[in-house]
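Taken together, the values in this text are just the output of simple stated rules run on the coordinates, not laboratory data. A quick note: this is a predicted structure, and the numbers were derived from the prediction, not measured. Here the Cβ positions follow ideal geometry from the backbone for every residue, glycine too, while neighbour counts run over all protein chains shown.
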């Protein structure tokens, strides 16, 4: 039994934690607030009550065609994640259920490919993309994002699959299940939650990737990272519009992130912290 | 249990991943290594010749090189210091009994999901802008001169932005570790008369040590590659004041069109990352045996 906690203590920690949390969250909150201001309001000093105009959201679409980079982001993050899952589910599966002496080495080697600094291969990748006509193409970038997240996907799936007890397979086999029956009726239902969380985390990572998405695109394939970065030029200094575009760019991923807190720890520490 | 048949199937299932990653690892890296020994400029692509160690020498004698290495270390070290110390403190705070703990957690973790260009631009324009930023508003309210963050403290400003992005990560992982600390152990220590400081030093810190190591190593991998935050705020300047190694390589490569020089820089970046990776792999590998 936990000991009774005094109310005074609870009140103190509640107030302290909320103040700290709100300070940390403040830049996001202020961005959302500013997105509902007009451009003149946005630079008139500190004010947390906006006039509530939607003009910036309309402008971002009509003047800058927000929808295009948004759809590119959706295509790239979802597409690269599905592609990665397609390749890594069998791999993680085989390593979790038919491990060999080398399984550990293979896993460690896969992880090590993630350690390569992106910038070190910027030149070759850029030249390969140029020669194959893949610069500013969504297919090329999708493949790129798949490759950089593949080790994390395999690792996450592996840690989930490994928790499925092997005895259940033997039991199914005793009951006369065929290999495909085994996979379909016994393993798949147990694997779905792990696959779903892996998918969620990798959509987040792909959505926020900001090296290759900036360097390998110009206009056609540019996702939201490149779109927002274009606001850094001096003539693009429109804060209400920047805020509106930013709010739209981070909202879907923020909500997904809130739902995947636990998986995040596990995925990003490669199972080292659960 | 495994028959010959299933073993062959297992290998077949593993093959595409292994094959792709193998190509992915070898081909670009081999090309970088090869280019690093060539005179190769994209402005003059027909005139490629063997350069020996010239590119390394060139990179090494560039004064920006040492500054960028130093900046990289300051950036990584500064962010690690803030996020680890802040992360432990925040995790301890959030772990206390309170109302609305779930919402506090959500608010604290949120910056991690903000894409780098958004984080950097929001901080640059709305928080740290010397004219219209919130910091300037606070300064004026207190009767002080607003600070022009990005021209006076360019690297420190970037450290602040990146630390804001990674503080949630450290907090979340340390909080997860903290919550796995045995409650009975804590109570026993308390009953034996250990005060908060003693409990923290002799119970909490040893328990967190492993997670802190993991946080440091994983963050270092990502922090060595900080790029977008610099691109949209200072663009490496003023001068080279906020140029880190990735940014210097990018400048050499895509602004100077110098394939050879950029590749030599890339190899140096690989060596740096490998030193960190070596320790990370050992930490993760140990866990795999359990």
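What to note about this one:
- Distance from the alpha carbon centroid of the stretch B:148-215 to that of the stretch A:175-212 works out to 32 angstrom.
- GNM on chain B, alpha-carbon springs under 10 angstrom: the most fluctuating residue among B:44, B:55, B:71 is B:44.
- For chain A, the spherically averaged projection of the C-alpha convex hull amounts to 21.9 nm².
- 10 Å Cβ neighbours from other chains, averaged over peptide A:22-32: 6
- Whole-number percent relative contact order across chain A, with pairs defined as alpha carbons under 8 Å at least 6 apart: 30
- Among A:26, A:231, A:211, the residue with the largest mean-square fluctuation in a Gaussian network model of chain A, with springs joining Cα atoms closer than 10 Å, is A:26.
- When only alpha carbons are used to place a centre, the stretch A:58-137 and the stretch B:63-139 end up 27 Å from one another.
- Using a Förster distance of 45 Å, the FRET efficiency for residue A:190-residue A:15 (Cβ separation, nearest 0.05): 0.55
- As a calculated quantity, the FRET efficiency between residue B:213 and residue B:190 at R0 = 35 Å, using C-beta atoms, amounts to about 0.80.
- By the Kirkwood approach, averaging reciprocal distances over each pair of separate Cα atoms, chain B gets a hydrodynamic radius of 22.5 Å.
- Sequence ranges B:161-171, A:88-98, ranked by mean other-Cβ count within 10 angstrom, highest first: B:161-171, A:88-98
- Taking 0.36 nm per residue of separation and subtracting the Cα-Cα distance, full extension of the segment from residue B:142 to residue B:200 would add 17.2 nm.
- Counting Cβ atoms of other protein chains within 10 Å of each Cβ in A:81-93 and taking the mean gives 3.
- Counting other Cβ atoms within 10 Å as a rough exposure proxy, the listed residues A:183, B:26 run B:26, A:183 from fewest neighbours to most.
- Helix axis angle, A:7-35 relative to chain A longest principal axis, alpha carbon, degrees: 70
- Using only alpha carbons, the stretch A:31-173 has a radius of gyration to Kirkwood radius ratio (Rg to Rh) of 1.18.
- Distance between modelled label sites at residue B:47 and residue B:15, nm, 7 Å Cα→Cβ extension: 4.8
- Scoring B:100-110, A:131-141, A:149-159 by mean Cβ neighbours within 10 Å over their residues and listing the highest first yields A:149-159, B:100-110, A:131-141.
- Spin-label proximity, residue B:271 to the stretch B:67-110 - amide N less than 18 Å from point 7 Å beyond Cα toward beta carbon: B:67-73
- Evaluated at q = 0.18, 0.20, 0.21, 0.30 Å⁻¹, the base-10 log of the normalised Debye intensity for the stretch A:7-58, with identical point scatterers placed on the Cα atoms, takes the values -0.64, -0.71, -0.74, -1.08.
- Chain A: angle of helix A:55-64 to the longest principal axis, Cα-based, in degrees nearest 10: 70
- For chain A, the longest principal axis of the alpha carbon atoms and the long axis of helix A:239-259 meet at an angle near 20°.
- Packing around the peptides A:67-74, B:121-128, taken as the average count of other Cβ atoms within 10 Å per residue, puts them in this order, highest first: B:121-128, A:67-74.
- When its C-alpha radius of gyration is set against 2.2 N^0.38 Å (N residues), the stretch B:76-208 gives a value of 1.31.
- Using a simple spin-label model with pseudo-atoms 7 Å out from Cα toward Cβ, residue B:69 and residue A:258 lie 4.7 nm apart.
- Förster-model FRET efficiency, 25 Å R0, residue B:181 and residue A:26, C-beta, rounded to 0.05: 0.25
- Projected-area mean, the protein assembly as shown, by convex hull of Cα positions, square nanometres: 30.5
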